[in-house]
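**Q** Quick one: structure below, then a few questions.
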Amino acid sequence: MSEQEVLNELPPQLQRLVRVVARAFYQPQHILVLDILAKYPCVTESDFIDVLKMHSGQKQLRQALTFLKKDKLIKSLQKMEKEESSLEGEKVKMVHYYYINYKQFVNVVKYKLDQMRKKIEAEERKVQNRMSYNCPGCKSTFSDLDVDRLFDPKDGNLRCSYCGSVLEEDARDTEVVDARSLISKMNDQMKPITDLLRETENINLAPEILEPETQSIQKVHVCTCMKFE
């Protein structure tokens, strides 16, 4: 795809990215909200209620929307509109619209993954510097970084540099192994997301896709299983 090409329609890769991210990091109520926003460009609060058939769950809906806004995955705007049921005079009400700005969404996901990676790497460095071998003789302790100078080629043991006793492995060594495998585990678990991020790297969306026109959903057909527990 050309880097200069501007798309007037939302590509399926971005819709898949929203759904994958939702299931990787969020609770069921957030997943439902993000699934709907990935399907419809702009959704009102009343639309959510109708789609999810949750007329008694408005509080839970607002909590989910607020949470996702705080995480910067969705945006909102307010608009004064006429009340359709108004028979006398002209009454207006405040309508809240919600949507995904996909450029911001992608940047937030990249930032989230980067922060996760930095946190794991910091923990790995911290664990590597912990003492991991104990001397039963003089009670000295050694880091795994000292292994080269402690190794005795005659019998293959690690020996204390002070008294020559065979060192014992610290029980906390399992933490070292766990920390070193965390980055690998994270890379494996996040691969579906990082693959989609690469696919969407050079996608440029038209302004009307990034900041869609405020328009309520008129007719929707949703699986009856989509509801808040």
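The values are calculated or read from the model by the stated rules, or taken from the named source; none is laboratory data. Only a predicted model underlies this, so the values are computations on that prediction, with no experimental measurement involved. Cβ coordinates were reconstructed from backbone atoms using ideal geometry, including for glycine residues, and neighbour counts include every protein chain displayed. In case anyone asks, the SASA skips ligands and DNA or RNA and just uses the protein heavy atoms, side chains included. Shrake-Rupley method; radii C 1.70, N 1.55, O 1.52, S 1.80 Å.
**Q** Taking a 29 Å limit on the Cα-Cα distance, which of the listed pairs K70/K118; K59/K118; K79/K119; K59/K185 fall beyond it?
**A** Result: K59/K118; K79/K119; K59/K185 exceed 29 Å.
**Q** From the residues L34, V51, F67, which one has its Cα farthest along the dipole of region 33-74 in the positive direction, the dipole being from +1 and -1 charges on Cβ of Lys/Arg and Asp/Glu about the Cα centre?
**A** The residue sitting most towards the positive pole is F67.
**Q** Here is a further query. FRET efficiency for N187 and D155, Cβ-Cβ distance as r, R0 = 25 Å, nearest 0.05?
**A** E between N187 and D155, to the nearest 0.05, is 0.05.
**Q** Using a cut-off of 16 Å between alpha-carbon atoms, which aspartates and glutamates can reach K91, once sequence neighbours fewer than 8 places away in the same chain are excluded?
**A** Leaving aside aspartates and glutamates fewer than 8 places away in the same chain, those within reach of K91 are E81, E83.
**Q** Return the FRET efficiency for the residue pair E45, F25: r is the Cβ-Cβ distance, R0 is 35 Å, and the value is rounded to the nearest 0.05.
**A** With R0 = 35 Å, the Cβ-Cβ based efficiency is 0.90.
**Q** Rounded to the nearest 0.05, what FRET efficiency is calculated for K139 and K118 with R0 set to 45 Å and r the Cβ-Cβ distance?
**A** 0.80
**Q** Would you tally the net charge around K112, using a Cβ to Cβ cut-off of less than 12 Å, leaving K112 out, and scoring K and R as +1, D and E as -1?
**A** Net charge in that neighbourhood comes out at +3.
**Q** Sticking with this structure for a sec: Show Y97, Y162 ordered by accessible area, largest first, where the area counts protein heavy atoms only and the probe is 1.4 Å.
**A** From most exposed to least exposed: Y162, Y97.
**Q** What figure, in Å² to the nearest 10, do you get for the accessible area of L197 with a 1.4 Å probe and non-protein molecules left out?
**A** 20 Å²
**Q** Quick one: net charge around L205, please, counting Lys, Arg +1 and Asp, Glu -1 for every other residue with C-beta under 11 Å from its C-beta.
**A** -3
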